[in-house]
Amino acid sequence: MSDKAVVFVTRKLPQAVEARLARDYDARFNKEDKVYTNEELIDLAAGADAIIPCHTEKLTAEVIQRLPDSIRAICSFSVGYDHIDLDAAKARGIIVTNTPEVLSDATAEIAMLCLLGAARRAYEGEREIRTETWADWSATYQLGIQVTGKRLGILGAGRVGQIMAKRARGFDMEIHYYNRNRLSADVEAGAIYHESVEALLPHCDFLSIHCPATPETHHLINAERIALLPDGAIVVNTARGAVVDDAALIEALRSGKLFAAGLDVFNNEPNIDPRYKELPNTFLLPHIGSATRETRDAMGFRALDNLDAIIAGGEPRDRLA
Ligand code: 8YV
(Lines give C-alpha, C1' and ligand atoms only; values in the text may rest on other atoms or scores of the structure.)
Protein backbone atom coordinates (compact mmCIF):
# COMPACT_ATOMS: atom_id res chain seq x y z
CA MET A 1 0.00 0.00 0.00
CA SER A 2 1.23 3.48 -0.88
CA ASP A 3 1.92 5.85 2.00
CA LYS A 4 0.86 8.77 -0.16
CA ALA A 5 -2.26 10.72 0.74
CA VAL A 6 -5.33 9.79 -1.30
CA VAL A 7 -6.86 12.62 -3.34
CA PHE A 8 -10.16 12.44 -5.16
CA VAL A 9 -10.07 14.73 -8.20
CA THR A 10 -13.67 15.24 -9.30
CA ARG A 11 -13.04 16.51 -12.87
CA LYS A 12 -10.36 16.10 -15.51
CA LEU A 13 -7.66 18.72 -14.90
CA PRO A 14 -4.88 20.01 -17.19
CA GLN A 15 -2.22 17.46 -18.01
CA ALA A 16 0.58 19.18 -16.04
CA VAL A 17 -1.65 19.40 -12.97
CA GLU A 18 -2.62 15.73 -13.17
CA ALA A 19 1.06 14.82 -13.64
CA ARG A 20 1.96 16.59 -10.39
CA LEU A 21 -0.95 14.94 -8.64
CA ALA A 22 0.12 11.50 -9.89
CA ARG A 23 3.69 12.16 -8.73
CA ASP A 24 2.85 13.35 -5.22
CA TYR A 25 -0.40 11.61 -4.33
CA ASP A 26 -2.43 8.49 -4.69
CA ALA A 27 -4.82 10.34 -6.99
CA ARG A 28 -8.24 9.20 -8.14
CA PHE A 29 -8.82 10.81 -11.51
CA ASN A 30 -11.97 11.26 -13.58
CA LYS A 31 -10.72 10.19 -17.01
CA GLU A 32 -14.09 10.61 -18.73
CA ASP A 33 -14.61 14.00 -17.07
CA LYS A 34 -18.10 12.97 -16.05
CA VAL A 35 -20.09 15.31 -13.78
CA TYR A 36 -20.81 13.09 -10.79
CA THR A 37 -24.08 12.96 -8.91
CA ASN A 38 -23.96 13.66 -5.18
CA GLU A 39 -24.24 9.94 -4.45
CA GLU A 40 -21.28 9.20 -6.71
CA LEU A 41 -19.26 12.00 -5.14
CA ILE A 42 -19.83 10.60 -1.68
CA ASP A 43 -19.00 7.04 -2.79
CA LEU A 44 -15.87 8.05 -4.68
CA ALA A 45 -14.61 10.04 -1.69
CA ALA A 46 -14.48 6.86 0.43
CA GLY A 47 -11.08 6.53 2.08
CA ALA A 48 -9.72 9.75 0.50
CA ASP A 49 -7.83 12.37 2.53
CA ALA A 50 -8.86 15.26 0.30
CA ILE A 51 -11.10 16.29 -2.57
CA ILE A 52 -10.22 18.65 -5.41
CA PRO A 53 -13.59 19.76 -6.78
CA CYS A 54 -14.56 22.32 -9.40
CA HIS A 55 -17.56 24.67 -9.27
CA THR A 56 -19.60 21.92 -10.97
CA GLU A 57 -19.67 19.91 -7.73
CA LYS A 58 -22.25 21.29 -5.36
CA LEU A 59 -20.83 20.56 -1.94
CA THR A 60 -23.92 21.50 0.00
CA ALA A 61 -24.29 21.04 3.75
CA GLU A 62 -26.05 17.73 3.10
CA VAL A 63 -23.23 16.41 0.88
CA ILE A 64 -20.53 17.59 3.29
CA GLN A 65 -22.28 15.96 6.24
CA ARG A 66 -22.23 12.65 4.35
CA LEU A 67 -18.58 12.76 3.29
CA PRO A 68 -16.42 10.01 4.82
CA ASP A 69 -14.54 10.84 8.03
CA SER A 70 -11.24 10.41 6.18
CA ILE A 71 -11.71 13.72 4.30
CA ARG A 72 -9.49 16.41 5.81
CA ALA A 73 -9.51 18.98 3.04
CA ILE A 74 -11.46 20.34 0.10
CA CYS A 75 -9.06 22.25 -2.18
CA SER A 76 -11.27 23.76 -4.83
CA PHE A 77 -10.05 24.34 -8.37
CA SER A 78 -11.83 27.70 -8.47
CA VAL A 79 -11.74 31.14 -6.93
CA GLY A 80 -15.51 31.18 -6.37
CA TYR A 81 -16.73 29.06 -3.47
CA ASP A 82 -20.48 29.47 -3.63
CA HIS A 83 -20.63 25.72 -4.42
CA ILE A 84 -19.20 24.81 -1.00
CA ASP A 85 -21.01 25.19 2.30
CA LEU A 86 -18.19 26.59 4.43
CA ASP A 87 -20.11 26.35 7.70
CA ALA A 88 -20.81 22.66 7.14
CA ALA A 89 -17.12 22.07 6.36
CA LYS A 90 -16.05 24.00 9.45
CA ALA A 91 -18.45 22.00 11.59
CA ARG A 92 -16.73 18.80 10.43
CA GLY A 93 -13.21 20.22 10.76
CA ILE A 94 -12.63 20.02 7.00
CA ILE A 95 -10.24 22.67 5.67
CA VAL A 96 -11.44 24.45 2.51
CA THR A 97 -9.27 26.44 0.09
CA ASN A 98 -9.74 28.24 -3.25
CA THR A 99 -7.47 29.65 -5.99
CA PRO A 100 -7.56 33.46 -5.91
CA GLU A 101 -5.40 35.85 -7.95
CA VAL A 102 -4.26 33.45 -10.65
CA LEU A 103 -7.39 33.78 -12.78
CA SER A 104 -8.01 37.51 -12.47
CA ASP A 105 -6.32 38.51 -15.74
CA ALA A 106 -8.01 35.81 -17.78
CA THR A 107 -11.43 36.64 -16.35
CA ALA A 108 -10.98 40.37 -16.97
CA GLU A 109 -10.07 39.52 -20.59
CA ILE A 110 -13.38 37.71 -20.99
CA ALA A 111 -15.23 40.58 -19.31
CA MET A 112 -13.74 42.96 -21.87
CA LEU A 113 -14.64 40.54 -24.66
CA CYS A 114 -18.24 40.43 -23.38
CA LEU A 115 -18.34 44.22 -23.12
CA LEU A 116 -17.03 44.72 -26.66
CA GLY A 117 -19.07 41.85 -28.07
CA ALA A 118 -22.29 43.23 -26.63
CA ALA A 119 -21.57 46.86 -27.58
CA ARG A 120 -20.53 46.10 -31.16
CA ARG A 121 -23.15 43.41 -31.81
CA ALA A 122 -20.61 40.67 -32.36
CA TYR A 123 -23.17 37.87 -32.26
CA GLU A 124 -25.29 39.37 -35.03
CA GLY A 125 -22.24 39.98 -37.20
CA GLU A 126 -20.92 36.47 -36.69
CA ARG A 127 -24.32 35.02 -37.44
CA GLU A 128 -24.63 36.93 -40.73
CA ILE A 129 -21.29 35.65 -41.95
CA ARG A 130 -21.84 32.04 -40.89
CA THR A 131 -25.38 31.89 -42.29
CA GLU A 132 -24.36 33.72 -45.47
CA THR A 133 -26.98 36.39 -44.89
CA TRP A 134 -24.51 39.30 -45.04
CA ALA A 135 -25.98 41.12 -48.00
CA ASP A 136 -24.10 44.37 -48.46
CA TRP A 137 -22.51 47.32 -46.74
CA SER A 138 -24.72 50.19 -45.63
CA ALA A 139 -24.09 53.31 -43.55
CA THR A 140 -26.74 52.31 -41.08
CA TYR A 141 -26.05 48.60 -40.97
CA GLN A 142 -25.56 46.98 -37.57
CA LEU A 143 -24.79 50.12 -35.63
CA GLY A 144 -23.45 49.47 -32.17
CA ILE A 145 -22.52 51.54 -29.17
CA GLN A 146 -19.07 53.09 -29.06
CA VAL A 147 -17.07 52.03 -26.03
CA THR A 148 -14.36 54.68 -26.05
CA GLY A 149 -14.88 57.41 -23.49
CA LYS A 150 -18.02 55.91 -21.95
CA ARG A 151 -18.71 55.38 -18.25
CA LEU A 152 -18.06 51.89 -16.89
CA GLY A 153 -19.58 50.86 -13.56
CA ILE A 154 -17.75 48.10 -11.74
CA LEU A 155 -19.91 46.18 -9.30
CA GLY A 156 -17.44 44.57 -6.91
CA ALA A 157 -13.95 46.05 -7.18
CA GLY A 158 -11.97 43.03 -6.06
CA ARG A 159 -9.12 41.51 -8.02
CA VAL A 160 -11.00 40.98 -11.30
CA GLY A 161 -12.91 44.25 -11.03
CA GLN A 162 -9.69 46.19 -10.52
CA ILE A 163 -8.04 44.62 -13.56
CA MET A 164 -11.17 45.24 -15.62
CA ALA A 165 -10.96 48.92 -14.62
CA LYS A 166 -7.33 49.03 -15.75
CA ARG A 167 -8.14 47.47 -19.13
CA ALA A 168 -11.10 49.81 -19.59
CA ARG A 169 -8.85 52.83 -19.02
CA GLY A 170 -7.15 51.73 -22.23
CA PHE A 171 -10.45 52.60 -23.91
CA ASP A 172 -10.52 55.98 -22.15
CA MET A 173 -13.52 54.83 -20.11
CA GLU A 174 -14.50 56.76 -16.98
CA ILE A 175 -14.52 54.28 -14.10
CA HIS A 176 -17.22 54.27 -11.43
CA TYR A 177 -17.49 51.53 -8.82
CA TYR A 178 -19.28 50.13 -5.84
CA ASN A 179 -17.49 47.87 -3.40
CA ARG A 180 -18.25 46.97 0.20
CA ASN A 181 -15.13 48.90 1.18
CA ARG A 182 -13.80 51.94 -0.60
CA LEU A 183 -10.41 51.28 -2.21
CA SER A 184 -7.32 53.23 -1.22
CA ALA A 185 -6.60 56.25 -3.40
CA ASP A 186 -3.67 54.60 -5.20
CA VAL A 187 -5.74 51.51 -6.10
CA GLU A 188 -8.74 53.66 -6.97
CA ALA A 189 -6.56 55.54 -9.48
CA GLY A 190 -9.21 58.17 -10.10
CA ALA A 191 -12.19 55.80 -10.21
CA ILE A 192 -15.33 57.34 -8.74
CA TYR A 193 -16.66 55.54 -5.66
CA HIS A 194 -20.40 55.25 -4.98
CA GLU A 195 -21.68 54.33 -1.55
CA SER A 196 -24.36 51.91 -2.70
CA VAL A 197 -25.28 49.84 -5.74
CA GLU A 198 -28.27 52.12 -6.24
CA ALA A 199 -26.03 55.18 -6.28
CA LEU A 200 -23.70 53.57 -8.83
CA LEU A 201 -26.25 52.41 -11.40
CA PRO A 202 -27.39 55.78 -12.87
CA HIS A 203 -23.73 56.43 -13.85
CA CYS A 204 -23.25 53.22 -15.84
CA ASP A 205 -23.32 53.30 -19.63
CA PHE A 206 -21.79 49.87 -19.05
CA LEU A 207 -22.20 47.80 -15.90
CA SER A 208 -19.72 44.98 -15.32
CA ILE A 209 -20.52 42.54 -12.51
CA HIS A 210 -17.57 41.24 -10.50
CA CYS A 211 -19.02 40.43 -7.07
CA PRO A 212 -19.25 36.88 -5.69
CA ALA A 213 -22.53 35.00 -5.38
CA THR A 214 -23.61 35.20 -1.75
CA PRO A 215 -27.04 35.36 -0.09
CA GLU A 216 -26.63 39.18 -0.12
CA THR A 217 -25.91 39.39 -3.86
CA HIS A 218 -28.52 36.85 -4.97
CA HIS A 219 -30.59 38.51 -7.76
CA LEU A 220 -29.01 41.85 -6.89
CA ILE A 221 -29.52 42.92 -10.50
CA ASN A 222 -33.30 42.80 -10.54
CA ALA A 223 -36.04 44.85 -12.25
CA GLU A 224 -35.88 47.72 -9.72
CA ARG A 225 -32.13 48.13 -10.04
CA ILE A 226 -32.08 47.70 -13.83
CA ALA A 227 -34.57 50.59 -13.94
CA LEU A 228 -31.88 52.77 -12.33
CA LEU A 229 -29.47 52.21 -15.24
CA PRO A 230 -29.47 54.81 -18.03
CA ASP A 231 -31.64 53.82 -21.00
CA GLY A 232 -29.61 51.87 -23.53
CA ALA A 233 -27.03 50.65 -20.99
CA ILE A 234 -25.09 47.43 -21.45
CA VAL A 235 -24.73 44.75 -18.76
CA VAL A 236 -21.75 42.41 -18.54
CA ASN A 237 -21.56 39.42 -16.19
CA THR A 238 -18.48 37.27 -15.73
CA ALA A 239 -18.97 36.63 -12.00
CA ARG A 240 -21.91 34.36 -11.23
CA GLY A 241 -25.34 33.97 -12.82
CA ALA A 242 -27.00 34.07 -9.43
CA VAL A 243 -26.28 37.80 -9.12
CA VAL A 244 -28.80 38.43 -11.91
CA ASP A 245 -32.55 37.90 -12.00
CA ASP A 246 -32.88 36.37 -15.48
CA ALA A 247 -36.52 37.34 -15.97
CA ALA A 248 -35.74 41.00 -15.25
CA LEU A 249 -32.66 41.11 -17.47
CA ILE A 250 -34.44 39.38 -20.35
CA GLU A 251 -37.39 41.76 -20.09
CA ALA A 252 -35.05 44.77 -20.15
CA LEU A 253 -33.23 43.38 -23.20
CA ARG A 254 -36.53 42.76 -24.97
CA SER A 255 -38.05 46.14 -24.21
CA GLY A 256 -34.96 48.08 -25.29
CA LYS A 257 -34.36 49.45 -21.79
CA LEU A 258 -30.94 47.81 -22.17
CA PHE A 259 -29.06 47.90 -25.46
CA ALA A 260 -27.37 44.54 -24.93
CA ALA A 261 -25.79 42.11 -22.48
CA GLY A 262 -22.53 40.20 -22.59
CA LEU A 263 -22.71 37.11 -20.38
CA ASP A 264 -20.20 34.39 -19.54
CA VAL A 265 -22.05 33.04 -16.49
CA PHE A 266 -25.66 32.02 -15.94
CA ASN A 267 -28.13 30.62 -13.50
CA ASN A 268 -28.40 26.86 -13.84
CA GLU A 269 -25.45 26.27 -16.16
CA PRO A 270 -25.36 24.68 -18.70
CA ASN A 271 -29.17 24.61 -18.93
CA ILE A 272 -29.52 28.35 -19.12
CA ASP A 273 -32.74 30.29 -19.61
CA PRO A 274 -33.44 29.59 -23.32
CA ARG A 275 -34.74 33.11 -23.89
CA TYR A 276 -31.17 34.45 -23.83
CA LYS A 277 -30.46 32.47 -26.99
CA GLU A 278 -33.47 33.92 -28.80
CA LEU A 279 -32.41 37.52 -28.22
CA PRO A 280 -30.23 39.15 -30.90
CA ASN A 281 -28.76 41.61 -28.40
CA THR A 282 -26.95 39.10 -26.24
CA PHE A 283 -23.33 38.01 -26.58
CA LEU A 284 -23.07 34.67 -24.80
CA LEU A 285 -20.10 32.59 -23.73
CA PRO A 286 -20.07 29.24 -21.88
CA HIS A 287 -18.34 30.14 -18.57
CA ILE A 288 -14.83 30.39 -20.03
CA GLY A 289 -13.55 33.32 -17.96
CA SER A 290 -10.54 31.41 -16.67
CA ALA A 291 -10.17 29.12 -19.67
CA THR A 292 -6.64 29.82 -20.86
CA ARG A 293 -3.88 27.24 -20.81
CA GLU A 294 -1.77 29.40 -18.52
CA THR A 295 -4.54 30.13 -16.05
CA ARG A 296 -5.92 26.63 -15.76
CA ASP A 297 -2.41 25.31 -15.02
CA ALA A 298 -1.92 28.07 -12.45
CA MET A 299 -5.27 27.27 -10.80
CA GLY A 300 -4.32 23.62 -10.52
CA PHE A 301 -0.90 24.39 -9.08
CA ARG A 302 -2.41 26.82 -6.60
CA ALA A 303 -4.91 24.18 -5.47
CA LEU A 304 -2.03 21.71 -5.10
CA ASP A 305 0.11 24.19 -3.15
CA ASN A 306 -2.80 24.45 -0.72
CA LEU A 307 -3.19 20.69 -0.58
CA ASP A 308 0.55 20.13 -0.03
CA ALA A 309 0.51 22.53 2.91
CA ILE A 310 -2.48 20.82 4.51
CA ILE A 311 -1.10 17.32 4.05
CA ALA A 312 2.23 18.47 5.53
CA GLY A 313 0.31 19.74 8.57
CA GLY A 314 0.87 23.39 7.74
CA GLU A 315 -1.40 26.33 6.99
CA PRO A 316 -2.58 26.65 3.37
CA ARG A 317 -2.25 30.05 1.72
CA ASP A 318 -5.89 30.29 0.63
CA ARG A 319 -7.82 28.94 3.59
CA LEU A 320 -11.55 29.73 3.57
CA ALA A 321 -12.63 27.42 6.36
C1 8YV B 1 -13.71 28.30 -13.21
C2 8YV B 1 -14.75 30.26 -11.91
O3 8YV B 1 -13.69 27.89 -14.52
O4 8YV B 1 -12.91 29.90 -10.46
C5 8YV B 1 -14.06 30.25 -10.59
O6 8YV B 1 -14.73 30.65 -9.61
O7 8YV B 1 -15.79 30.73 -12.03
C8 8YV B 1 -14.22 29.69 -13.19
O9 8YV B 1 -13.34 30.58 -13.75
C10 8YV B 1 -14.47 27.28 -12.43
O11 8YV B 1 -15.09 27.75 -11.30
C12 8YV B 1 -13.55 26.15 -12.06
O13 8YV B 1 -14.08 25.31 -11.09
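Being buried (at least 20 other Cβ atoms within 10 Å of the Cβ) and among the basic types (Lys, Arg) is true for just one of Arg240, Arg225. Which residue is that?
One residue alone meets the criteria, Arg240.
What are the pairs, 6+ residues apart or on separate chains, where a residue within the range 68-81 that is more than 17 Å from Asp308 (Cα to Cα) has its Cβ under 6 Å from a residue that is modelled with pLDDT of 95 or more and more than 11 Å from the ligand (Cβ to nearest atom)?
As it stands, the answer is Pro68/Ala45; Pro68/Ala46; Tyr81/Leu320, since those pairs meet every condition given.
Within the range 225-246, count every residue that is more than 16 Å from the ligand (Cβ to nearest atom) and either farther than 21 Å from Pro274 by Cβ or not assigned by TED's automatic domain parsing to the domain that holds Pro274 (or both).
The number of residues fulfilling the criteria is 9.
Somewhere in the range 110-123, is a residue in contact (Cβ under 8 Å) with a residue 40 or more places away in the chain, of a type outside the set (Gly, Ala, Ser) and touching a Lys or Arg at 6+ places or on another chain (Cβ under 8 Å)?
There is at least one residue in the range 110-123 that is in contact (Cβ under 8 Å) with a residue 40 or more places away in the chain, of a type outside the set (Gly, Ala, Ser) and touching a Lys or Arg at 6+ places or on another chain (Cβ under 8 Å).
Ala157: more than 16 Å from the ligand (Cβ to nearest atom) and buried (at least 23 other Cβ atoms within 10 Å of the Cβ), yes or no?
yes
Kindly establish whether Glu132 is outside any helix (DSSP H, G or I), among the charged types (D, E, K, R) and over 26 Å from the mean Cα position of the chain (by Cα).
Against the criterion (outside any helix (DSSP H, G or I), among the charged types (D, E, K, R) and over 26 Å from the mean Cα position of the chain (by Cα)), Glu132 qualifies.
If you take the residues of the range 258-303 that are β-branched (Val, Ile, Thr) and within 23 Å of Gly153 (Cα to Cα), which of them is surrounded by the fewest Cβ atoms within 10 Å (Cβ to Cβ)?
Ile288
Only one of these is surrounded by 19 or more Cβ atoms within 10 Å (Cβ to Cβ) and either over 28 Å from Pro286 (Cα atoms) or among the small types (Gly, Ala, Ser) (or both): Ala91, Ala48, Ala61. Name it.
Every option except Ala48 fails the conditions.
List pairs: first residue in the range 282-298 and of a type in the set (Gly, Ala, Ser), second residue near the ligand (Cβ under 8 Å from one of its atoms) anywhere in the structure, Cβ distance under 6 angstrom, at least six positions apart or on different chains.
Hits for this filter: Gly289/Thr107; Ser290/Leu103; Ser290/Ala106; Ser290/Thr107.
Leu86: in contact with a Ser or Thr (Cβ under 9 Å, 6 or more places away or on another chain) and closer than 24 Å to His287 by Cβ, yes or no?
Spelling it out, it is not the case that Leu86 is in contact with a Ser or Thr (Cβ under 9 Å, 6 or more places away or on another chain) and closer than 24 Å to His287 by Cβ.
Looking for whichever is more than 16 Å from the ligand (Cβ to nearest atom), charged (D, E, K, R), buried (at least 17 other Cβ atoms within 10 Å of the Cβ) and assigned by TED's automatic domain parsing to the domain that holds Val236 here; the options are Arg120, Arg127. Which one fits?
After applying the criteria, what remains is Arg120.
Report yes if some residue within the range 305-316 is within 13 Å of the ligand (Cβ to nearest atom) and assigned to a loop (DSSP other than H, G, I, E, B); otherwise report no.
So far as the range 305-316 goes, no, none of its residues is within 13 Å of the ligand (Cβ to nearest atom) and assigned to a loop (DSSP other than H, G, I, E, B).
The values are calculated or read from the model by the stated rules, or taken from the named source; none is laboratory data. Only a predicted model underlies this, so the values are computations on that prediction, with no experimental measurement involved. All Cβ positions, glycine included, derive from the backbone under ideal geometry; neighbour counts span all protein chains shown.
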